[in-house]
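The numbers here are math on the coordinates, done by the rules we state, and not lab data. Only a predicted model underlies this, so the values are computations on that prediction, with no experimental measurement involved. Every residue, glycine among them, receives a Cβ derived from its backbone with ideal geometry; neighbour counts consider all protein chains shown.
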Amino acid sequence: MKYRTYLIFGAPGSGKGTQGKILGNIPRFFHCACGDVFRSIDTRTPIGQAFLEYSSKGQLVPNEITVQLWKARINDAVGAHTFKPDIDALVLDGIPRNVEQAKIMQDIIDVKKVFHLSCPDRDALVSRLKKRALKDNRLDDANEEVIRKRLDTYEAESKPVLEFYGQEKICDIDATQPPVKVLAEIVQTVLHDNGH
């Protein structure tokens with residue numbers, strides 16, 4: 001059985017995590033952020049070590065490792081009955097991060113909509129990420145060079161995922177609006193999608 005899935009997609013700093021968290025608090029939605037999966041990894045394990053090696057350089061973690069870690073997290077949630085696939089929709093942010101991951105995940109998820117939080121203003125994203133770094137003590141986000149490298153990686157690797165899913169599944173949302181407006185657009189689309 002494939003999981004009914006909504007993807008929240010956008011550049012680093014576009015507000016994916018914020019929207020995913022809010023949706024995840026609404027009954028019948030289960031939110032899984034790839035970043036949280038990574039941040040909760042035990043770095044003493046071999047897979048944790050492998051993950052650290054890539055992320056500390058600002059490089060993307062290999063697709064197989066990423067999808068493996070993500071799948072384990074989802075299986076745990078199903079086992080613990082926090083995610084009930086028969087009645088819950090899965091909300092993902094930060095995965096699939098590239099076309100290769102999207103292909104690997106095709107057998108697992110049935111993507112209903114891709115919410116593309118678009119923010120063409122690079123400088124706005126950079127300053128958002130710097131603020132977040134200070135607030136959440138995420139030091140990987142504080143360095144402007146690392147931030148710009150991550151934005152370049154997003155353009156090159158992640159952007160093509162939108163083409164992979166096709167225009168009819170994409171819902172473009174202006175990420176520079178207040179978060180509550182972004183949320184309203186997402187919720188309206190989901191309701192419409194379910195025939196309400």
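Side notes on the structure shown:
- Dipole magnitude of the chain, debye to nearest 20 (Cβ charges: Lys/Arg +1, Asp/Glu -1, about Cα centre): 420
- Counting only DSSP H runs of at least 4 residues, each contributing -39500 (n - 2.57), and dividing by the residue count of the chain, the helix-based mean residue ellipticity at 222 nm comes to -14500 deg cm²/dmol.
- Distant-in-sequence amide H partners of Cys171 (H built 1.01 Å from N, under 5 Å): Val114, Phe115, His116
- The chain: relative contact order in percent, alpha carbon pairs under 8 Å with at least 6 residues between: 33
- Using 0.36 nm per residue and subtracting the Cα-Cα separation, the extra length available between Asn75 and Ala50 on full extension is 6.9 nm.
- Sequence-ordered 3J(HN,Hα) estimates for segment 27-35 from the Karplus curve with 6.51, -1.76 and 1.60 and θ = phi - 60° stand at x, 6, 10, 10, 9, 10, 8, 4, x Hz, glycine and proline given as x.
- Reported value for the chain: 122 Å³ per residue, from the convex hull of its C-alpha atoms.
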